[in-house]
Amino acid sequence: MRKVIRTMTIAALVMGGAYGMAMAQDVTARGPLPFTAWDLNKDGAISKAEFDKVRQMRQQARAKEGRMMRNRANAPDFTFFDKNNDGKISQEEFVAARQALMKQRPRGMGMGRGMGMGQGRAPLQQQ
């Protein structure tokens, strides 16, 4: 019985730690952020204020690192994600907009990546 209780306690601590890490995501990290990183108050939706705050934090971090901010003027705005115009972005709207953005990218390019697989290489020749 002690072993079961100890195992369950350890499992709960590990799961709690993973949950805490997921909740404290670094919004200045490179690459696309998950929905949960944009939803700062964790209410299940992204408000315009949250969207603007995360975008501002990411831009400030990039500027501090001296990184280029290409296509900043072309970045999709809040309305691109808020398709039903209710003033908040649901997880479904977020995923759909991300998928639409991925379809617009050149083939082989991933979100937040430089050259995609196979880019910059000559095509294989059939013999």
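The values are calculated or read from the model by the stated rules, or taken from the named source; none is laboratory data. In this text the structure is predicted, and so the values were computed from the model without any measurement. Cβ coordinates were reconstructed from backbone atoms using ideal geometry, including for glycine residues, and neighbour counts include every protein chain displayed.
Report the residue count in region 32-47 for those that are surrounded by fewer than 16 Cβ atoms within 10 Å (Cβ to Cβ) and touching a residue at least 40 places away in the same chain (Cβ under 8 Å). Reasoning before the result, please.
Let us first name the residues in region 32-47 that are surrounded by fewer than 16 Cβ atoms within 10 Å (Cβ to Cβ), namely 32, 34, 36, 41-44.
With the extra rule that they be touching a residue at least 40 places away in the same chain (Cβ under 8 Å), the set shrinks to 32, 44.
Here the count works out to 2.
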Inset, instruction - Out of 100, 61, report the one residue that is without any contact (Cβ under 8 Å) to a residue 12 or more places away in the chain, of a type in the set (A, V, I, L, M, F, W, C) and not in a strand (DSSP E or B). - result: 100
Inset, instruction - Only residues that are of a type outside the set (Gly, Ala, Ser) and either under 19 Å from residue 40 (Cβ atoms) or modelled with pLDDT of 95 or more (or both): list them for region 63-78, please. - result: 76, 77, 78
Inset, instruction - Could you look through region 60-82, keep only residues that are surrounded by 15 or more Cβ atoms within 10 Å (Cβ to Cβ) and touching a helix residue (DSSP H, G or I) at 6+ places or on another chain (Cβ under 7 Å), and pick out the one that is nearest to residue 105 (Cα to Cα)? - result: 81
Inset, instruction - Restrict the check to region 7-18 and report whether at least one residue is under 30 Å from residue 102 (Cα atoms) and either in a helix (DSSP H, G or I) or modelled with pLDDT under 95 (or both). - result: yes
